[in-house]
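Q: I'd like to ask some things about the structure below.
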Amino acid sequence: MERVEKPLQTRELTVSMGPQHPSTHGVLRLVLELDGETVMKCTPYVGYLHRGTEKLAEGMTYLQALPLTDRLDYISSMANNVGYCLAVERLFGIEAPERARFIRTMVCEMTRISSHIIWIATHALDLGAMTVFLYSFREREWILDLFEMLCGARLTVSYPRIGGVRNDVSPEFLDSLYTFTEEFPKRIEEYETLIDKNRIWLRRTKGIGVISAEEAINWGLSGPVLRGSGVNYDVRKRFPYDAYDRVEFDVPLGRNGDVYDRYRCRMEEMRQSARIIRQCIEQLPAGPIMTPDAPKFTLPPKEKVLADMESMIHHFVLITKGPMAAPEGEIYVATEVPKGELGFYIVSDGTGKPYRMRVRAPSFVHASVLPKLCEGGLVADVIANIGTIDIVLGECDR
Amino acid sequence: MEPLEIAERIRERFPEEVRGVVEFRGQVSVLIRKERLLEICRFLHDEPALAFDYLKDLCGVDYLGRRPVRFEVVYTLYSMKHRHMVRLKAEVGEDDPSVESVVPVWAGANWHERECYDMFGIVFNNHPDLRRILMPEDWEGYPMRKDYPAEGPEKEWQGFRKVLEKAERLKEFTWKG
């Protein structure tokens with residue numbers, strides 16, 4: 001009998017993933033065109049969290065715009081504040097005193113740890129390793145408690161100020177933080193025992209979402225996503241700010257540029273962060289925490305405003321007119337936040353308000369590379385790719 | 001290479017295109033005409049002594065009523081190999097707000113250009129996919145322009161009504177508890 005081949009009916013399927021899908025880490029929407037399980041085309045849609053930060057900043061004084069920057073990448077708010085403060089300081093031509101710089105370095109690295117903890121927790125959860133999530137949130141809680149001890153806020157801190165930091169650190173805080181840096185590397189080992197040699201984890205991360213060094217540079221990637229491809233680019237090393245030139249740390253690099261290498265990079269980075277924090281505590285110099293020019297930039301303490309004539313005048317002028325007029329010019333200052341390179345491009349027209357404040361958000365750039373990573377891969381790997389670029393949509397949409 | 005030296009190299013190669021060089025706090029901005037922008041970018045990218053392979057940032061600035069040419073598109077460039085930086089600024093007039101896309105040179109420019117189009121209405125010629133990115137597709141006006149009010153547009157966004165109508169239509173499917 002003759003065998004007749006019956007043609008199989010196949011068609012491409014378009015699937016809208018998100019914006020409320022739990023593994024898109026916020027309100028990211030991907031439209032996937034699927035051929036079976038293979039992703040033929042991936043189109044990201046962002047903008048659901050657009051709040052117009054850049055436009056808002058144009059109508060505010062340099063002082064008022066500071067809390068806007070917390071809300072960009074809300075899980076590493078401290079690093080955003082520091083980035084903004086550095087940009088404004090550079091514009092005005094002032095510098096924070098030694099002690100403040102060490103404190104800032106310290107809190108930036110605490111933020112890096114807490115951001116990477118969230119990343120490993122959610123990334124592992126997406127890929128099916130739920131235990132890591134539960135363990136790592138224990139350490140995140142510890143860091144948030146330390147933040148609360150330091151400045152009273154846990155999430156949107158607004159702790160750094162233009163020309164320094166808001167308040168000094170207490171000995172108890174430093175003690176507690178030092179204990180944390182001693183304890184934390186052991187905790188990282190705990191996470192690693194859970195997933196590092198896990199066959200499922202390896203199969204789902206090795207060789208997935210590969211991007212070569214040249215492509216990564218061409219796409220403008222930064223942070224661990226770039227270093228996972230083996231490019232030695234770290235803003236902390238190339239343009240040292242605050243106290244980064246005074247502490248020793250290594251920049252971990254990957255080789256293959258896949259999900260697994262980026263995971264290794266971030267895990268190593270957390271160890272280096274603990275190392276930086278410990279050095280900062282050991283080297284922390286005595287002295288003021290605000291620049292001597294502080295009255296021109298930052299509100300004086302409340303009790304002084306009520307008792308001291310000079311402080312009250314400064315308070316009044318700062319609220320009504322904003323800080324001393326900035327010199328006319330434009331400046332781009334980059335800092336290494338947990339996600340990558342955060343740049344502030346500020347155009348000043350010689351008044352107390354920024355004429356234009358542009359935020360170069362790493363998440364925005366990283367989200368744009370998603371189609372490159374996902375196309376040609378499997379649907380399941382889309383999840384791995386979203387996790388590995390570590391985006392926060394608050395920063396992406398601004 | 002020193003930033004001012006880089007500016008000199010650009011001026012040497014494109015004497016008519018460079019409109020000015022400004023240094024502020026150690027950062028150098030090179031103001032150029034937009035006509036041969038792509039050529040200049042290719043030169044900066046390919047010239048071995050310059051090798052600007054990394055586009056840090058691309059954004060627009062609106063100088064309404066302050067400068068004769070209204071818009072500027074700002075390119076912040078960096079070289080991984082030589083570790084130097086320069087800022088390129090292309091003047092874009094209000095009557096023809098368009099400029100050549102640099103996506104063929106730096107792939108990362110794609111979304112930055114889309115955002116610039118979305119916010120300022122500057123059209124990037126030969127861009128692979130020029131659509132609005134942060135605002136809804138049917139939004140009217142360009143929010144980051146200086147003549148656009150920060151308090152919101154005078155009239156309501158039409159898409160919002162559609163969303164409300166759709167929500168009304170789908171009401172029967174809501175969970176009653």
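Q: Which number in (1) among the hydrophobic types (A, V, I, L, M, F, W, C); (2) in contact with a Lys or Arg (Cβ under 8 Å, 6 or more places away or on another chain); (3) over 18 Å from residue A:398 (Cβ atoms); (4) away from chain B (no Cβ under 11 Å) marks the one condition that residue A:103 misses?
A: Here residue A:103 meets the rest and fails (2).
Q: When you check residue B:119 against the structure, is it in a helix (DSSP H, G or I), within 9 Å of chain A (Cβ to nearest Cβ) and in contact with a strand residue (DSSP E or B) (Cβ under 8 Å, 6 or more places away or on another chain), yes or no?
A: yes
Q: Quick test for you: out of A:377, A:394, A:387, pick the one residue that is under 21 Å from residue A:71 (Cβ atoms) and either under 16 Å from the mean Cα position of the chain (by Cα) or surrounded by fewer than 24 Cβ atoms within 10 Å (Cβ to Cβ) (or both).
A: Answer to the check: A:394.
Q: Something else about it: For the range A:55-84, which positions are open to solvent by 10 Å² or more (accessible area, probe 1.4 Å), in contact with a Pro (Cβ under 7 Å, 6 or more places away or on another chain) and within 13 Å of another protein chain (Cβ to nearest Cβ)?
A: A:55, A:58
Q: So residue A:254 ticks every box in (1) touching a Ser or Thr at 6+ places or on another chain (Cβ under 7 Å); (2) small (Gly, Ala, Ser); (3) in contact (Cβ under 8 Å) with a residue 40 or more places away in the chain but one. Which box is left unticked?
A: Every condition holds for residue A:254 apart from (3).
Q: Of all the helices (runs of 4 or more DSSP H) wholly in the range A:284-390, which have at least 2 residues that are within 12 Å of chain B (Cβ to nearest Cβ) and touching a residue at least 24 places away in the same chain (Cβ under 8 Å)?
A: It comes to A:362-368, A:370-374.
Q: Taking the residues in the range B:25-55 that are within 12 Å of chain A (Cβ to nearest Cβ) and touching a Lys or Arg at 6+ places or on another chain (Cβ under 8 Å) as candidates, determine which candidate is nearest to residue B:93 (Cα to Cα).
A: Looking at the filtered set, the residue picked out is B:31.
Q: Would you list the strands (runs of 3 or more DSSP E) that sit entirely within the range A:1-74 and hold 1 or more residues that are more than 21 Å from the chain's Cα centre (by Cα) and of a type in the set (D, E, K, R)?
A: Result: A:29-35, A:38-45.
Q: Let me ask you something else. If you take just the strands (runs of 3 or more DSSP E) that sit entirely in the range B:1-82, which of them hold at least 1 residues that are open to solvent by 40 Å² or more (accessible area, probe 1.4 Å)?
A: Strands (runs of 3 or more DSSP E) meeting the threshold: B:18-24.
Residues are listed down the side, and each one gets a yes or a no for (1) open to solvent by 70 Å² or more (accessible area, probe 1.4 Å); (2) without any contact (Cβ under 8 Å) to a residue 40 or more places away in the chain; (3) in contact with a Ser or Thr (Cβ under 6 Å, 6 or more places away or on another chain); (4) on the phi < 0 side of the Ramachandran plot:
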| residue | (1), (2), (3), (4) |
| --- | --- |
| B:103 | no, yes, no, yes |
| B:111 | no, yes, yes, yes |
| B:114 | no, yes, no, yes |
| B:122 | no, no, no, yes |
| B:126 | yes, yes, yes, no |
| B:130 | no, yes, no, yes |
| B:133 | no, yes, no, yes |
| B:161 | yes, yes, no, yes |
| B:168 | yes, yes, no, yes |
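Q: A follow-up question, please. Can residue A:293 be described as modelled with pLDDT under 90 and surrounded by fewer than 16 Cβ atoms within 10 Å (Cβ to Cβ)?
A: No; evaluated as a whole, the condition is false for this residue.
The values are calculated or read from the model by the stated rules, or taken from the named source; none is laboratory data. Note that this is a predicted model, so its numbers are computed, not measured. Note that we place each Cβ from the backbone using ideal geometry, even for glycine, and neighbour counts take in every protein chain shown. Please note that ligands, DNA and RNA were not included when accessible areas were found on the heavy atoms of the full protein model with its side chains. Shrake-Rupley method; radii C 1.70, N 1.55, O 1.52, S 1.80 Å.
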